[in-house]
Each structure stands twice: as structure tokens, then as C-alpha cells.
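Everything below concerns the one structure shown next.
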Amino acid sequence: MEYPRIRDMREDRDLTQKQIAAILKVAQRTYSSYENGTRNIPIQCVIQLAKFYNTSTDYLLGLTDDPKPHPPK
């Protein structure tokens, strides 16, 4: 499954795959495979990206079109 939103959010902020890979503590090649869908992205990485981009995991995964994060409980 491809995750175009993680690519879009990265590009909207003028960040490189290498920069995001460093935040996630993975290799750039691994992060690239997350973006293009050749490797499943671990849930912990989805959570880290949602926090980094201040959005919801549902938005990153394409389950909603609302980019606002859910309020903390």
C-alpha cells in the first residue's frame, strides 16, 4: 500500500527523505520504501510522523481527509 500523504507532508515542508529517516531512526532507503509502499510502515513510525507533522495517524494513512490531530485524552 502506498502512503502518498507522508510524501506530500514531507515535500510541503521542503524536507528530504534522509531528514525524515533520521527522525525515525531508519535508513533513507527504508523510509523511501515506506513512501512508495514496497514496505509496510510500522505503527510506531506512523505515530512519530503524526506527532512530527501535528496531524492524526488516520490522516497520514488516508482514512480521513481531516488533517487536524485528535485532542489528547
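Scanning segment 32-45 for residues that are assigned to a helix (DSSP H, G or I) and crowded, with 19+ Cβ neighbours inside 10 Å, which turns out modelled with the lowest pLDDT?
Ranking the qualifying residues of segment 32-45, first place goes to E35.
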*Cβ pairs under 9 Å, 6+ apart, first in segment 1-26 and in contact (Cβ under 8 Å) with a residue 40 or more places away in the chain, second charged (D, E, K, R) and assigned to a helix (DSSP H, G or I)*: Y3/E35; P4/E35; I6/E35
*asked:* Just to verify a result, which residue in segment 12-22, among those that are of a type outside the set (S, T, N, Q) and over 11 Å from the mean Cα position of the chain (by Cα), is surrounded by the fewest Cβ atoms within 10 Å (Cβ to Cβ)?
replied: D14
*Does V26 count as within 9 Å of the chain's Cα centre (by Cα) and modelled with pLDDT of 95 or more?*
no
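The values are calculated or read from the model by the stated rules, or taken from the named source; none is laboratory data. The structure displayed is predicted, hence computed values, not measured ones. So basically every Cβ, Gly included, is an ideal-geometry build from the backbone, and we count neighbours across all protein chains shown.
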